[in-house]
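The values are calculated or read from the model by the stated rules, or taken from the named source; none is laboratory data. Everything numeric in this text was worked out from a predicted model, so none of it was measured. Cβ: placed from backbone, ideal geometry, glycine included. Neighbour counts: every protein chain shown.
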Amino acid sequence: MEAGLTTDTFTRLLQRLDPDREQAGEKYEQLRRTLIRFFEWRGAPYPEEHADETLNRIGRKLDEGVEIKNLSAYSYEVARLVFLETLKTADSRRVSLDSTTVDAVAANVTEEVEEKEVRLACLERCLKTLPADSAALVLEYYTYNQRGQVERRRALADRYGLRRDALANRVHRLRDKLQHCVSVCLRQKSAI
């Protein structure tokens, strides 16, 4: 993992999140929490560090002059790449032990990880079938932890110009589409 952000880069990232410094700070923390959850759900070993690395990379891209239209979707893609890198790093640090028990546990864990990866791959593929704003909406809607969830969803509804029940209905329909798409994808993968 690379070094952290410079003060100028961090300031640029905050300005990209919101012109108001206080709002930018809140949005930064919200995005960081979202990224931490992203890594936790995938079983990454150091979710906070991976979230910080993701934000660092986004900041450096902004420094390079890369135009990021949808910061939420872009963050998700960068986080996905960081996660894939953590898998490669974990593979390179494996220690071989001569034990049938360890081999059996490793095989079981490997099978579970592969199943999760297939599900995640299907989910990612299905998310890409949605319009970018719909995919970002679903991810943001379900990424919040219990603390402050009501307030965050209220703010999300305000941002989309919807009542909270209308937002919940929209997200529910999108989730149904995703569930159907993932089911079809999993059946196709199991038939191979």
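Quick notes on this one:
- So Val118, is it within 21 Å of Val184 (Cα to Cα), of a type in the set (A, V, I, L, M), at pLDDT 80 or above and surrounded by 13 or more Cβ atoms within 10 Å (Cβ to Cβ): yes
- Of the criteria (1) out of contact with any Lys or Arg (no Cβ under 8 Å at 6 or more places or on another chain); (2) of a type outside the set (Lys, Arg); (3) crowded, with 17+ Cβ neighbours inside 10 Å, which one Thr6 fails: (3)
- Count of residues meeting criterion [within 14 Å of Thr143 (Cα to Cα), crowded, with 21+ Cβ neighbours inside 10 Å and touching a residue at least 24 places away in the same chain (Cβ under 8 Å)] in the stretch 35-54: 4
One line per residue, one yes/no per condition, for (1) assigned to a helix (DSSP H, G or I); (2) closer than 26 Å to Tyr28 by Cα; (3) basic (Lys, Arg); (4) not assigned by TED's automatic domain parsing to the domain that holds Lys27:
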site: Leu123; (1), (2), (3), (4): yes, yes, no, yes
site: Asp133; (1), (2), (3), (4): yes, yes, no, yes
site: Tyr141; (1), (2), (3), (4): yes, yes, no, yes
site: Val150; (1), (2), (3), (4): yes, yes, no, yes
site: Arg154; (1), (2), (3), (4): yes, yes, yes, yes
site: Leu162; (1), (2), (3), (4): no, yes, no, yes
site: His172; (1), (2), (3), (4): yes, no, no, yes
site: Cys181; (1), (2), (3), (4): yes, no, no, yes
site: Cys185; (1), (2), (3), (4): yes, no, no, yes
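- Verdict on Glu22 being surrounded by 13 or more Cβ atoms within 10 Å (Cβ to Cβ) and of a type in the set (Asp, Glu): no
- If the condition is being surrounded by 17 or more Cβ atoms within 10 Å (Cβ to Cβ), of a type in the set (D, E, K, R) and in contact (Cβ under 8 Å) with a residue 40 or more places away in the chain, then the stretch 150-177 contributes only Arg152.
- Apart from one condition, Glu64 fits all of (1) assigned by TED's automatic domain parsing to the domain that holds Thr6; (2) modelled with pLDDT under 90; (3) of a type outside the set (A, V, I, L, M, F, W, C); (4) surrounded by 11 or more Cβ atoms within 10 Å (Cβ to Cβ); the exception is (4).
- Candidates in the stretch 15-49 are the residues that are part of a helix (DSSP H, G or I) and aromatic (Phe, Trp, Tyr); of these, the one that is farthest from the chain's Cα centre (by Cα) is Tyr28.
- Pairs linking a residue in the stretch 1-30 that is closer than 17 Å to Leu62 by Cα and among the hydroxyl-bearing types (Ser, Thr, Tyr) to a residue that is assigned to a helix (DSSP H, G or I) and at pLDDT 85 or above, with Cβ atoms under 8 Å and 6 or more positions apart or on different chains, are Thr9/Gly59; Thr9/Arg60; Thr9/Leu62; Thr9/Asp63; Tyr28/Leu13; Tyr28/Leu14; Tyr28/Leu17; Tyr28/Leu55.
- For Arg57, the criteria (1) at pLDDT below 90; (2) not assigned by TED's automatic domain parsing to the domain that holds Tyr142 hold in every case but one, which is (1).
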